[in-house]
Structures are given as structure tokens and as C-alpha cells.
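To keep things clear, I will list the structure first and then write my remarks on it.
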Amino acid sequence: MRIQRPTLEVERREIDATTRVATDFEAPVVPGASGVRVLVVEDDHDMRVALREMFELHGMSVDTAMDGVDASAHGLRVPYDVVVSDIRLPGMSGIALSRSLQGRSRPPRVILITAYPEWKVVQEAYEAGAVEVVRKPFDLGKLAKRVVQAARDRANEL
């Protein structure tokens, strides 16, 4: 028996209802987004799909992972510009993932997202190498701009 994937419109409504994020998928493309390699790490399926689709609509190349362990394996094989990860993940947290990626010769920029922005956790995220911590719910368009800026900053490190 084949399971039919819900249409994109149904997924968008579900995502809007669960994340309370305005999702304008017809928004203009963020300048400089084309070609940016992004890894999205999110255990919530709807959020992971929303982020992937939004980044792809901006012309970014996107891979996804459901947890930090899978993401760490991706991060060792692919030279990502930016990793966008939830902080609370099964297996390996986004903070531990960020720390593990910093050992690379040219680590990706890490943007962590969280619904629980406790001061101590945010401080730990920055100490682990995150360039930004974004609080849920967030605006998808603004996050796309942050990702592009992080990729530009990484490119300028050369």
C-alpha cells in the first residue's frame, strides 16, 4: 500500500498552525542565496519540511537530518556553508553538534533555533561556536536572510 504525500498547501496550513509563523512562499528571493549549501537539523517533521522548502525556494541547496547524530555524519561528508539546527534534538543536541563541527578546517556557520531561550543555554550555544540563536516562533524570510549573511561571512573568512 502506497501512502500519498499530502499536497504542499495542506502542509503549509499545518505548519502555520503549529509554528505560528507567517509563511509567504511567494516572497522575493534573498539576494546571494543561490548556491548556499545548508543543512537543516530538526526533529519536528513539519518544521523540517517548512525550512527545507523555504530555503530551496530561495535557491539554496538543502539537506536535512532528523537528529544531531545523522547531522554530524552529513557534516563530515559535505562542506556546508551554514547549519540550521534546533537545540533540543534526540541523541545529540544542536549545541553538541555545533561543537563537533568546529573541529573542521573550515567549519560551517551554525545558527541554532529554540523554543526555550534560557540564558545559560544561549551562552553555551555561543561558546560551542554558534553564530546566532533564534527564538521560535520566527519569521522564515528573516531566517533566510540570516542564513545568507552567515554564508557571506564564512566566504569572507578566506
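Bear in mind that the values in this text are calculations on the coordinates, not laboratory data. Bear in mind that the values here come from a model prediction, so they are computed numbers and not experimental data. Here the Cβ is made from the backbone with ideal geometry for all residues, glycine too, and neighbour counts use every protein chain on show.
By the count of neighbouring beta-carbon atoms within 10 Å, fewest first, Tyr126, Tyr80 end up ordered Tyr126, Tyr80. Taking the empirical scaling 2.2 N^0.38 Å for compact globular proteins as reference, region 34-153 has a Cα radius of gyration ratio of 0.93. Residue ranges 82-88, 33-39 sort as 82-88, 33-39 when ordered by packing (mean number of other C-beta atoms within 10 Å per residue, highest first).
Listed by chain and number, the lysines placed with their C-alpha closer than 19 angstrom to that of Lys120 are Lys136; residues fewer than eight positions away on the same chain are left out.
Between Ser105 and Phe138, the modelled label-to-label distance comes to 3.0 nm, taking each label 7 Å out from Cα in the direction of the beta carbon.
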